[in-house]
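One structure is given below, encoded as structure tokens.
The values are calculated or read from the model by the stated rules, or taken from the named source; none is laboratory data. Everything numeric here is computed off the predicted structure, so don't read it as measured data. Quick reminder, even Gly has a Cβ in these numbers, built from the backbone with ideal geometry, and neighbours come from all protein chains shown. What goes into the accessible areas is simple: the full protein's heavy atoms, side chains included, and nothing from ligands, DNA or RNA. Shrake-Rupley method; radii C 1.70, N 1.55, O 1.52, S 1.80 Å.
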Amino acid sequence: MRITGDYHTHTIYSHGKGTIRENVESAIEKGLKEIAICDHGPRHMGFGVKRYNFQKMRNEIDALNKEYKDINILLGVESNIVSYDGDIDVDDEIIKLIDILLVGFHFGAVPKSLGDAYKMFVLNYLGKFFKGIAMKARRLNTQAVINAINRYDIDLITHPGAKVDIDTRELAKAASKRGTALEINASHGFLTVEYIKIAAEEDVKFMINSDAHRPEDIGKVEKGIRRALEANLNIDRIINATN
């Protein structure tokens, strides 16, 4: 199995170590045909892309696409779920500038309300100690992601299960209906082999990405490929894979 595109990479515009150009040049060296620059959404504390930088990134990527003919460069964002109604931290103005929309849970994101903060931080923390609370948090987390999928045209849910507990089957069902892929993240270890097997029982697609924060880690997806193989996932289910 070979990955043709890495659709989850970070740069200095959030908390990556390389520039967009450095990520692109690394992707070319690795033989990739596509790369997406997907830095964190604006409400991610300390790491979120400043709103005014999205246009700057768009211009930079447009120029690089003219310069490099052997790779396609996409501008995206790894947006944060900021409410349990499914709100994310990018608006229509930003969505119009990007080519690919990634969404995930991050504890560094500023919630929309105190109620959302309670569900995100308090319930998920207490769930580590109390089974009943854990089940409630899992149900709420799952519904929050499903709400986001139903409200936005999301291309990919990043590392589902890595930050908060979710019901993978219910997530996969909702993602399948909307054409949203689930990520097998080579850095975070999610989806796990067990989660992949459960999700694969539904008609959902997958992507294997590096979540690279350094140019040299672009395309480093071996751990993700290994989990996909261990789960006996058919290559036809993986959007960015080929034999």
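Can you run down the residue pairs with Cβ atoms below 7 Å, 6 or more apart or on separate chains, where the first is in the range 159-173 and more than 15 Å from Ala148 (Cα to Cα) and the partner is assigned to a loop (DSSP other than H, G, I, E, B) and of a type in the set (A, V, I, L, M)? Note: pairs meeting the criteria are Gly161/Leu191. Condition first: surrounded by fewer than 22 Cβ atoms within 10 Å (Cβ to Cβ) and of a type in the set (Gly, Ala, Ser). Can you find one or more residues in the range 208-230 that meet it? Looking through the range 208-230, none of the residues is surrounded by fewer than 22 Cβ atoms within 10 Å (Cβ to Cβ) and of a type in the set (Gly, Ala, Ser). Taking residues in the range 194-205 that are over 11 Å from Pro160 (Cβ atoms) and of a type in the set (D, E, K, R), and partners anywhere that are open to solvent by 50 Å² or more (accessible area, probe 1.4 Å) and not in a helix (DSSP H, G or I), the pairs with Cβ atoms closer than 7 Å and at least 6 places apart or on different chains are Lys205/Ile239. All conditions but one from (1) under 22 Å from Tyr152 (Cβ atoms); (2) of a type in the set (A, V, I, L, M, F, W, C); (3) buried (at least 20 other Cβ atoms within 10 Å of the Cβ) apply to Ile73; the one that does not is (1).
Conditions tested, residue by residue: (1) modelled with pLDDT of 95 or more; (2) surrounded by 17 or more Cβ atoms within 10 Å (Cβ to Cβ); (3) within 13 Å of Glu78 (Cα to Cα).
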residue: His8; (1), (2), (3): yes, yes, yes
residue: Lys17; (1), (2), (3): yes, no, no
residue: Glu29; (1), (2), (3): yes, no, no
residue: Lys33; (1), (2), (3): yes, no, no
residue: Phe47; (1), (2), (3): no, yes, yes
residue: Phe54; (1), (2), (3): yes, yes, yes
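Among the residues of the range 77-91, those identified as open to solvent by less than 10 Å² (accessible area, probe 1.4 Å) and part of a strand (DSSP E or B) are Val77, Glu78, Ser79, Asn80, Ile81. Look through the range 56-70, keep the residues that are of a type outside the set (Asp, Glu) and within 30 Å of Val110 (Cβ to Cβ), and return whichever of them is most open to solvent (accessible area, probe 1.4 Å). Per the stated criteria, the residue is Lys56. The set of residues in the range 134-184 that are within 14 Å of the chain's Cα centre (by Cα) and among the acidic types (Asp, Glu) comprises Asp153, Asp155, Glu183.
Only one entry in Lys119, Lys128, Lys112 is surrounded by 17 or more Cβ atoms within 10 Å (Cβ to Cβ), free of Cβ contacts under 8 Å to residues at least 40 places away in the same chain and in a loop (DSSP other than H, G, I, E, B), namely Lys112. The residue that is farthest from Ile157 (Cα to Cα), counting only those in the range 76-113 that are touching a His at 6+ places or on another chain (Cβ under 9 Å) and aliphatic (A, V, I, L, M), is Val110.
Of all residues in the range 92-109 being in a helix (DSSP H, G or I) and not charged (D, E, K, R), which is surrounded by the fewest Cβ atoms within 10 Å (Cβ to Cβ)? Give the steps one after another, and end with the answer.
Going through the range 92-109, the residues in a helix (DSSP H, G or I) turn out to be 92-95.
Filter once more, so that each one left must be not charged (D, E, K, R): 94-95.
On the way: Ile94: 20, Ile95: 15.
Checking each candidate, the answer is Ile95.
If the condition is being more than 17 Å from His8 (Cα to Cα) and among the acidic types (Asp, Glu), then the range 30-69 contributes Glu60, Asp62, Glu67. Listed by first and then second residue, the pairs linking a residue in the range 219-243 that is of a type in the set (Lys, Arg) to a residue that is in a loop (DSSP other than H, G, I, E, B) and crowded, with 21+ Cβ neighbours inside 10 Å, with Cβ atoms under 7 Å apart and 6 or more places separating them unless they lie on different chains, are Lys220/Ala186; Lys220/Ser210; Lys223/Ala186.
Restricted to the range 133-163, and to residues there that are over 23 Å from Ile94 (Cα atoms) and hydrophobic (A, V, I, L, M, F, W, C), the residue that is most open to solvent (accessible area, probe 1.4 Å) is Met135.
For the range 145-157, the set of residues classified as in contact with a helix residue (DSSP H, G or I) (Cβ under 8 Å, 6 or more places away or on another chain) and either aliphatic (A, V, I, L, M) or over 29 Å from Asp6 (Cα atoms) (or both) consists of Val145, Ile146, Ile149, Ile154, Ile157, listed by residue number. Restricting the first member to the range 4-31 and to residues that are within 24 Å of Asp236 (Cβ to Cβ), and the second to residues that are among the hydroxyl-bearing types (Ser, Thr, Tyr) and assigned to a loop (DSSP other than H, G, I, E, B), the beta-carbon pairs closer than 6 Å and six or more apart or on different chains are Asp6/Ser210.
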